[in-house]
């Protein structure tokens, strides 16, 4: 009886930790590896096709070699695809490789961001220039 209770207690304490490990591990790897060079953008910003194309092209990632160990790349891609945008996306090319190519992004930014603010940011990819909580994936108007 005590043995059964101990086994059930062990099972109850280990199941929740293992259940979330895949997503948590993938997100942690993504934030660590990709966030070392730029903002690790929320996966929901791009569709799965975009994430697959980006991960397949890491040897020439916008002019940089961002190659990763195969297991690390696979874990990150799995996380990104699982959490990718599921609604239809409009972009000038398919699949879009930059968030700034998406029509919703341009609609949100091009009319609202002054030339001075854009010069200060330097690039559309510099979310943190205007969104103080960008690292935490909070993009409320600042």
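Readers should treat all values here as calculations from the given coordinates under stated rules, not as data from a laboratory. This is a predicted model, so every value here is computed, not measured. We place every Cβ from the backbone using ideal geometry, glycine too, and count neighbours over all the protein chains shown.
With the simple spin-label model, which puts each label point 7 Å out from Cα in the Cβ direction, the residue 28 to residue 132 separation comes to 2.9 nm.
Highest-first packing order for the peptide set 39-46, 96-103, 52-59 is 39-46, 96-103, 52-59, based on the mean count of other beta carbon atoms within 10 Å.
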